[in-house]
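Asker: Below is a structure I'd like to ask you about.
Any read-out appearing in this document is the output of simple, stated calculations on the displayed coordinates, not a laboratory observation. What you see is a predicted model; the values in this text were computed from it and never measured. Note that we place each Cβ from the backbone using ideal geometry, even for glycine, and neighbour counts take in every protein chain shown.
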Amino acid sequence: MKVSPVEELFTVFNQTALVIQEELECSFLEALAETGENLFQGSILQEELSELTVKRLKKHYEEIQINKYSNEEIRKAYQLVILKGMQENVQPNHQMTPDSIGMLIGYLVQKFGVQPSMRLLDPAIGTGNLLTTVLNHLQKEVVSIGVEVDDLLIRLAYINANLQQHPVELFNQDSLEPLFIDPVDVVIGDLPVGYYPNDVRAADYQLQAKEGHSYSHHLFIEQSVKHTKPGGYLFFLVPNTLFESDQAKGLHEFIKEHVIIQGFLQLPNSMFKNKSTAKSILVLQKKGEEVLPPKQALLVNLPSLSNAAEMDKILLKMDKWFQENKPKNR
Ligand code: SAM
């Protein structure tokens, strides 16, 4: 039976990670980062490996030539093998952004307008799956920047970007600390949802909670807006209940003052474990000269993405909205 390119790559990522994991006694995802770096550099970098292990790895690496695969084949295989590794060690706020959501965000970024040499920031880059899905969709020259607090995830993002030959500037830090990043045209982010434990840091934000811990997703929105050029766009994956929470009043005020809501696209509940964890894509535009609000924001309830007929209808509706509300500052 013919094996697909994604399966071929998955097998090599998986088997070589297992070989390294066994010998270095590390986690599967740490071993995946090691094998990814070997594939990118074209040599075996772990000096502590035995001769026999080096031979086994070489044999696997010889089965593929990484630069023969498309970016999407590499991304999909890497995504599958990370998913396998994440099952070992499940952390809800570290979950990778699924393909379907990445593709929708890529579509929206394209529709709202991609400029030459656009600067794009993902302040919660995780494994880089969302960012590289969007970059592969845009197929334009984009300067991208990613920030991530978790050491292992940012290593996985670095390897993901290298294997797909996307130049990405990476910062391993808390995104809510000061960021030394020049203003960007576009922000994308699957935001970490929940309380931010550092009240001292949160006190620098307009969106800090009046009492107790602030919501980190609110602070991420404020930090992202701060680093966006006037007229730039922001695309966030947020809880459906974003505007109904106990801290929503402050968020409404912040939005009114600094940004325009361009769209709110509710994803189908079937994509999530339960209704309370369901999410939407929020599209904002930072205020600026000549930036005008749309006649009406793009409000969509997306059907199940596997329902092609319903999805086609929604895409037509969205196309019509873009024709009638063509962004004014592009
Ligand atoms: N889009 C990512 C991907 O495709 O892999 C997944 C993003 S995940 C839902 C949210 C990410 O935010 C996690 O990787 C988490 O480690 C990161 N994060 C949480 N708090 C953070 C902070 N204060 N600064 C930077 N990153 C943070």
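Asker: On a 0 to 90° scale, report how tilted helix 216-226 is relative to the longest principal axis of the chain, with both axes built from alpha carbons and the result rounded to the nearest 10.
Answerer: Around 80 degrees separate the two axes.
Asker: Picking from Asn269, Phe235, His217, whose Cα lies most toward the positive end of the charge dipole for the range 174-322 (charges on Cβ: Lys, Arg +1; Asp, Glu -1)?
Answerer: Asn269
Asker: Taking the chain as the reference, fit the longest principal axis to its C-alpha atoms, fit the long axis of helix 129-138 to the helix C-alpha atoms, and give the angle between the two in degrees, 0 to 90, nearest 10.
Answerer: Helix 129-138 sits at roughly 70 degrees to that axis.
Asker: In addition: Assuming 0.36 nm per residue, please report the length gained on full extension of the stretch Thr241 to Lys68 beyond their Cα-Cα distance.
Answerer: Full extension of this stretch gives 57.9 nm more.
Asker: Something else: When the Karplus curve 6.51 cos²θ - 1.76 cosθ + 1.60 is applied with θ = phi - 60°, which whole-Hz ³J(HN,Hα) does each residue of the range 313-318 get, with x for Gly and Pro?
Answerer: Running phi through 6.51 cos²θ - 1.76 cosθ + 1.60 with θ = phi - 60° gives 4, 5, 5, 5, 4, 5 Hz.
Asker: Also, quick follow-up: Can you tell me the dipole magnitude for the chain around its Cα centre, using point charges on the Cβ only (Lys, Arg +1; Asp, Glu -1), in Debye to the nearest 20?
Answerer: On the way: 31 positive and 42 negative charges, 324 e Å.
It works out to roughly 1560 debye.
Asker: Here's something else I'd like to know. What's the exposure ranking of Ile261, Ile74, going from fewest to most Cβ atoms within 10 Å?
Answerer: Ascending Cβ contact count within 10 Å gives the list Ile261, Ile74.
Asker: For the chain, find the longest principal axis of its Cα atoms and tell me its angle to the long axis of helix 28-41, 0 to 90°, nearest 10.
Answerer: Tilt relative to the chain: about 80 degrees.
Asker: Can you compute log10 of I(q)/I(0) for the range 247-322 with the Debye formula, treating each Cα as one identical point scatterer, at q = 0.17, 0.23, 0.27 Å⁻¹?
Answerer: With no solvent term, the Cα-only Debye profile gives -0.80, -1.09, -1.23.
Asker: Continuing with the same structure: For Lys279, what residues show an amide H to amide H distance below 5 Å, using hydrogens built from the backbone and excluding near sequence neighbours?
Answerer: For Lys279, the qualifying residues are Asn240, Leu267.
Asker: A further question on this structure: What base-10 log of the normalised intensity I(q)/I(0) is obtained for the range 1-123 from the Debye formula, alpha carbons as equal point scatterers, at q = 0.15, 0.17, 0.21, 0.22 Å⁻¹?
Answerer: The calculated log intensity ratios at q = 0.15, 0.17, 0.21, 0.22 Å⁻¹ are -0.80, -0.96, -1.22, -1.28.
Asker: Using only the Cα atoms of the chain, what semi-axes does the equivalent ellipsoid have when each is the square root of 5 times a gyration tensor eigenvalue? Give whole Å, largest first.
Answerer: Whole-Å semi-axes of the equivalent ellipsoid: 36, 23, 19.
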